[in-house]
Amino acid sequence: MRYKEIIALSRGSAEKLRAWELARAEALEAEIDEARSAIEVAVEREARAAERATRWWKMALHNIQGLPWLAPGDTPSPVPTARPAYLERYLEEVKPSYQELVQAVLGLGWRAKRTAAKRNEQPPA
């Protein structure tokens, strides 16, 4: 009788363990699916941010192309220490900086044209 009790308990334990393992496997698969979708969202977000940064960079290059004495430097590259949670804040900081650049170039353009006219040179385009 005691033997039968032990066998029944071991079967019950094995079934409980099997049920727990199946539930855990389902939970892990759900977590993996969530992680995959989060990665897809992050990749899309990164691509949009890179495209936006490239667009700002091209616009800045266009603004300084008439200033041959100003070297544009390297194209922007991702910063590995940047925090993903602050992406929108980083992108919003670009617009005022770009506007400052445009105003500075406009101011320099006027001075450069005036200086070139005094020297009888061709002003920058």
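Just give me the residues in the range 71-93 being under 18 Å from Lys58 (Cα atoms), assigned to a loop (DSSP other than H, G, I, E, B), open to solvent by 90 Å² or more (accessible area, probe 1.4 Å) and of a type outside the set (Val, Ile, Thr), in sequence order.
Asp74, Pro78
State whether the residues of the range 6-26 include one that is touching a residue at least 40 places away in the same chain (Cβ under 8 Å) and either closer than 24 Å to Ala85 by Cβ or surrounded by 10 or more Cβ atoms within 10 Å (Cβ to Cβ) (or both).
no
Please verify whether the range 36-48 includes one or more residues that are surrounded by 10 or more Cβ atoms within 10 Å (Cβ to Cβ) and either touching a Ser or Thr at 6+ places or on another chain (Cβ under 8 Å) or more than 30 Å from Pro76 (Cα to Cα) (or both).
No, the range 36-48 contains no residue that is surrounded by 10 or more Cβ atoms within 10 Å (Cβ to Cβ) and either touching a Ser or Thr at 6+ places or on another chain (Cβ under 8 Å) or more than 30 Å from Pro76 (Cα to Cα) (or both).
The values are calculated or read from the model by the stated rules, or taken from the named source; none is laboratory data. Just so you know, these numbers come straight off a predicted model, no measurement behind them. In this analysis, Cβ positions are derived from the backbone assuming ideal geometry, glycine residues included, and neighbour counts consider all displayed protein chains. Just the protein is used for accessible areas: all its heavy atoms, side chains included, with ligands, DNA and RNA removed. Shrake-Rupley method; radii C 1.70, N 1.55, O 1.52, S 1.80 Å.
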